[in-house]
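Only one structure is covered here, and it is reproduced in the block below.
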Amino acid sequence: MDSQIPISVDVILPLPLANTYTYSIPKEYASKLAVGMRVTVPVKKKIYTGIVYALHSSNKQKYELKDLISILDDYPIIRPFQLSFWEWISEYYQSFLGDVYKAALPSGLKLDSESYVELRQNFEESESALTPQQDIAVDVLLKEKKMRVNDFARVVGVKEPYSLIKTLLDKDVVVVSEYLRENYKPKKETFVRGSQKLSSDKLKNKALDELKSAKKQQQLLMHFFSLQQEAGVQEISKKLLLETANASSAILKGLESKGLLEIYQKEKSRLDLSVVETYDKHPLNKHQEKARVEITSHFKDKNVVLLHGVTSSGKTEIYIQLIEEALKKGEQVLYLLPEIALTSQLTERLKRVFGNKLGIYHSKFSDTERVEIWNNLLLDKGYEIILGVRSSVFLPFKKLGLIIVDEEHENTYKQFDPAPRYHARNAAVVLANLHAAKTLLGTATPSIESYNNALAGKFGLVELFKRHKEIALPEIIAVDIKELRRKKQMRSFFSPTMLECVDAALQKKEQVILFQNRRGYAPYVECTACAHVPKCKNCDVSLTLHKKFNALTCHYCGYTESIQHNCSKCDDGQLESQGFGTEKIEDEVRQLFPDARVARLDTDTTRTKTAYEKIIQNFQSHEVDILVGTQMVSKGLDFENVSLVGILNADNMLNFPDFRAHERAFQLMAQVSGRAGRKNKQGTVILQTSDTEHPIIKQVIANDYLSMYKQQMLERKDFNYPPYFRIINIMMKHRDMHTVIQASSKMASELRAVFGERVLGPDNPPVFRIQNLFLKRIVLKIEANASSEKAKELIRQVSKKILEQDQFKSLLINLDVDPM
């Protein structure tokens, strides 16, 4: 900030704008403004909440600036580190600062703009000749004073209120204003304390004597004194006082009116900050201790270390030791997880050691709870460890010392839509560098990019290949379902081997996990007569059958229609389900094993904040025998009684049209296999596939990550894929199919003139239409040692040139840097 008094301010607005907006600063605000504060500013006819980005003591604009309207904060709510981080996200992932702002701030810190209508001050009805409808409007406003436009329209009885409001404005009857509504409101609790009339024992006795004729008031006051003495405090919660005294609010009001007690409100945290009993951390075994020492040693000269530890090797216990070391130095720790689902089980483990030093941050928490965590960190009120998902990288850390990225290989760390399309793992490395902190990446199946960085010496590499208590890795049995189907030995989706093993596990009172990476009852339904497949009306995809809701649903836009028994196209055939998802597997399991207790874990069964925790708790406490789930069951969960894992269909992971398909298939199968036999015995994995000779299947059986890595690296080098090349996906969208085809062809030609053969496409993505927008994709491959910044600048120039043409002005162009 300049030493002189600022006269103008640059503001980041929550809009997809390439630049900040500049406003003049009214004199009364000049000394109060600081970078990182929220301000309200006018944009055309609306009011927005922006973030102060820069202050200027001289005005370089040649045009007249609008004034900012108000300052919303007494101090900055965004730290300088955060703004630097926003700038990096915006630049690297080719998104607008406004998009980063929208992603970074919890909704409770954003304000909504609403129009209000009210009578002009000192308005007299005799001033203007009014129509009957205008008379009604004035009568309404005389009673209500100020109203939202929508409420005004409803009460007056008009569908379209703006023409009526305009006539009232013309006659100078009303004024229209924009008021900002803050989403976050502090939670308040009512307390009671004694007044000056009760400041000594003598005065207390006097007050009790004077209440002899008001027995109930006397009893309540005596109870108040008793609670004060028991708790050793001056103030008592109103709720506690009335409940324990079995008294009414009217009695308390009587004591207030006599000036004996004072009733007031205090802000109360929505977060559970109660004292938690903590326990000593588990000691590390010799293999874990060796890994911890190596990590600490690497941190002396490396900012990032990759911990490659097999499933159940005890990586979490190593993390706990490193967290404790960071806390002893007075540093904060960010512990990132790829899924909200994982926070439940891990919270319990971390709370046992760190108590209420631990804060949880993810979207299943309410806006108000997330704002309180934000403020807690901003004002240094207590949290030293934050456990959260990818959005946690935007929190206002002050003394960050360590970031742990658990299951670093997971693609859910990548934000897909909306912008910014950032990768939280990569962003965490940059965030740590801004704070001069360290980053630990942990996984049993590293991403190829991270492992390559480790082998190249860019990251430190620590390997831990011994499971805790020396338990052997599970035995993996591949079952050829293609051959079994030929011999007609497959029973529904289960091979005889799978059924025998499930039955044996249940007989021994052991638990089973069945994995199918597709939710719903069936991927689609098909007419038995004409082969018609019902499709989404907004997207170019078939509708997924959800039997529980008797509905067909699009997993892209959410469109739903009830299922009909007869085909809507030919009206002759019936609709039959094809393929199978977790819901269908659950049904089959209940029929095959009627005595088993079955539960399902997927996004359909875990929509609420507590649903996931309940399912996991039930499985952990052996109230569930068989757990059917999607990839949610594969990620870091620890169950001591699981002896069998069944992978029902490995082929749908292997045959996906993506250069990462084989890497992901290996990771997913290895991770879900790791849930078996984790505590006291070797587990078993039944892997059903149509191709038992597939290289990935063999590598999973042998737990041979290195062979998979080497094979994938050879293929990627041959076909110019990461880590040898960087990829930028350019997605073009428009409501008219011909427009998007024409625009994508022109853009590809312009890009080829600059990048040559590095440009692929345009082609159709796997889904050609989503939410009534037609899509075309162009892929740009850039050598890893080339300047990606220069490439992005050239793409921006070409995009601008295309969008300046009249026929393409409504075209949407989205860039996805380092797509997953």
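Some notes on this structure:
- Dipole magnitude of the chain, debye to nearest 20 (Cβ charges: Lys/Arg +1, Asp/Glu -1, about Cα centre): 820
- For segment 485-616, averaging the sequence separation of C-alpha pairs within contact (under 8 Å, six or more residues apart) and dividing by the residue count gives a relative contact order of 23 percent.
- Measuring from each cysteine beta-carbon in the chain, the ones with no other cysteine beta-carbon under 4.7 angstrom are Cys501, Cys557.
- Counting 0.36 nm for each residue step from Arg193 to Leu706 and taking away their Cα separation leaves a gain of 177.8 nm.
- For Lys482, solvent-accessible area (1.4 Å; no DNA, RNA or ligand), Å²: 140
- Peptide ranges 129-138, 519-528 listed from the most packed, as the mean C-beta count within 10 angstrom indicates: 519-528, 129-138
- Flagged links, alpha-carbon separation over 27 Å, of Lys482/Lys584; Lys537/Lys733; Lys44/Lys537; Lys548/Lys569; Lys281/Lys399: Lys44/Lys537
- Residue pairs, from the table Lys746/Lys790; Lys438/Lys790; Lys239/Lys329; Lys414/Lys458; Lys45/Lys800, whose Cα atoms sit over 32 Å apart: Lys239/Lys329
- The share of accessible area on the chain that comes from carbon and sulfur is 48 percent, using a 1.4 angstrom probe.
- Among [x] 43.6, 152; [y] 32.9, 114; [z] 31.8, 97, the entry derived from the coordinates for Rg and Dmax of the Cα atoms in Å: [z]
- Relative contact order computed over the chain (Cα-Cα under 8 Å; 6+ residues apart), in percent: 10
- Cα long-axis angle, helix 582-592 against the chain (0 to 90 degrees, to the nearest 10): 60
- Listed residue (Ile778, Leu811, Ser788) projecting farthest to the positive dipole end of segment 772-820, Cβ model: Leu811
- Solvent-accessible surface of the chain, averaged per residue with a 1.4 angstrom probe and all protein chains in place: 48 square angstrom.
- Order by protection proxy (mean Cβ within 10 Å, highest first), peptides 368-378, 749-759: 368-378, 749-759
- Helix 215-231 axis, angle to the chain major axis (alpha carbon atoms, nearest 10°): 50
- In this structure, the amide hydrogen of Ala247, modeled 1.01 Å from its nitrogen in the peptide plane, lies closer than 5 angstrom to no residue at least 5 positions away or on a different chain.
- Inter-centroid distance (Cα atoms) of segment 428-479 relative to segment 523-552, Å: 41
- Relative to the current alpha-carbon distance between Phe659 and Ile136, full extension at 0.36 nm per residue lengthens the span by 181.6 nm.
- Principal-axis analysis of the Cα atoms of the chain puts helix 132-144 at an angle of about 90° to the longest axis.
The values are calculated or read from the model by the stated rules, or taken from the named source; none is laboratory data. Every value quoted in this text rests on a predicted model; they were computed, and no experiment measured them. When we count neighbours, we look across all protein chains shown, and the Cβ atoms used for this are built from the backbone with ideal geometry, even at glycine. Heavy atoms of the whole protein, side chains included, go into the accessibility calculation; ligands, DNA and RNA do not. Shrake-Rupley method; radii C 1.70, N 1.55, O 1.52, S 1.80 Å.
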